[in-house]
Amino acid sequence: DTGVSQDPRHKITKRGQNVTFRCDPISEHNRLYWYRQTLGQGPEFLTYFQNEAQLEKSRLLSDRFSAERPKGSFSTLEIQRTEQGDSAMYLCASSLGAGTSVYEQYFGPGTRLTVT
Amino acid sequence: DQQVKQNSPSLSVQEGRISILNCDYTNSMFDYFLWYKKYPAEGPTFLISISSIKDKNEDGRFTVFLNKSAKHLSLHIVPSQPGDSAVYFCAATGRGSTLGRLYFGRGTQLTVWP
């Protein structure tokens, strides 16, 4: 297994456009998380899935953001009507679903979004 | 509200010496703590963790110490190597949090020079 992968690695878009990112977790991991990281900050939690169920969304996740994990495998994060404040690194992580393993999250390389 | 704080944005240490990275937290519900390392253009990599039932956890050159009464933890790297140069994030989670949701500090840039 090659770890968590994310696509694309970089995305430049104009304000108002929609963008979609993809995350492929480690295959045996049933938990999947999305975080956002801005310059000088640590990653901030956005949402997470247990299999295909989205169980929690942060208040950071405005109604312009939507995430899916349709078959409990890969996940997509869509941002509609992008704003300059959406510019950030979007990180995906996955973990096993039992005991303290849920905390030991494995991160992908991230998708860097730049909104112009 | 920053529930996990890393007050030193940077640390510079000579190769072979000890690196000590510090972290403070405010939420008394946190009961599991982790350190992640991040190289440029990569995602954070899990390094070491500690449960609140322990006060020390060791893994090779890396040791994490937890002082619950002070709500403080530290990561010791001995001996430090140039390859350890990276940004180190402290993270916390536990009871009352979404299971698995991590709260991160802002990170400390460690530079190990020869």
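The values are calculated or read from the model by the stated rules, or taken from the named source; none is laboratory data. If you're wondering where the values come from, they're calculated on a predicted model, not measured in any experiment. Please note: Cβ atoms are built from the backbone with ideal geometry, for glycine as well, and neighbour counts cover all protein chains shown. Accessible surface areas use protein heavy atoms only, side chains included; no ligands, DNA or RNA. Shrake-Rupley method; radii C 1.70, N 1.55, O 1.52, S 1.80 Å.
Across peptide A:43-49, the average count of Cβ atoms from other chains found within 10 Å of a residue's Cβ is 4. Percent of accessible area on the stretch B:1-82 owned by carbon and sulfur, 1.4 Å probe? It is 48 percent, rounded to a whole number.
I'd like to check one number: the per residue accessible area of chain A, probe 1.4 Å, reported in Å² as a whole number.
Per-residue accessible area for chain A comes out at 49 Å².
Site pair A:S73 and B:Q2 shows an inter-label distance of 4.1 nm when each label is modelled 7 Å from Cα along Cα→Cβ.
In terms of the mean number of neighbouring beta-carbon atoms within 10 Å, the peptides A:37-44, A:56-63 order highest first as A:37-44, A:56-63.
Between B and A, buried accessible area summed over both sides at probe 1.4 Å, in Å² to the nearest 100?
Details: alone 6270 and 6590 Å², together 10990 Å².
What B and A bury together is about 1900 Å².
When each of the peptides A:23-29, B:76-82 is scored by the mean number of other C-beta atoms lying within 10 Å of its residues, the order from highest to lowest reads A:23-29, B:76-82.
If you filter the stretch B:16-55 for trypsin sites (Lys or Arg not before Pro), then keep DSSP loop positions with at most 14 other Cβ within 10 Å, what is left?
Values: sites: B:R17, B:K37, B:K38, B:K54; in loops: B:R17, B:K54.
Here the trypsin sites (Lys or Arg not before Pro) that fit, given the DSSP loop and packing criteria, are B:R17, B:K54.
Note on B:S74 and A:S27: the model spin-label points, each 7 Å out from Cα along the C-beta direction, lie 4.4 nm apart.
Out of all DSSP beta bridges in chain A, what portion is antiparallel? Express it as a percent rounded to 5.
If we restrict to bridges inside chain A, about 90 percent are antiparallel.
Modelled spin labels at A:Q80 and A:R59, positioned 7 Å past Cα toward Cβ, are 2.3 nm from each other.
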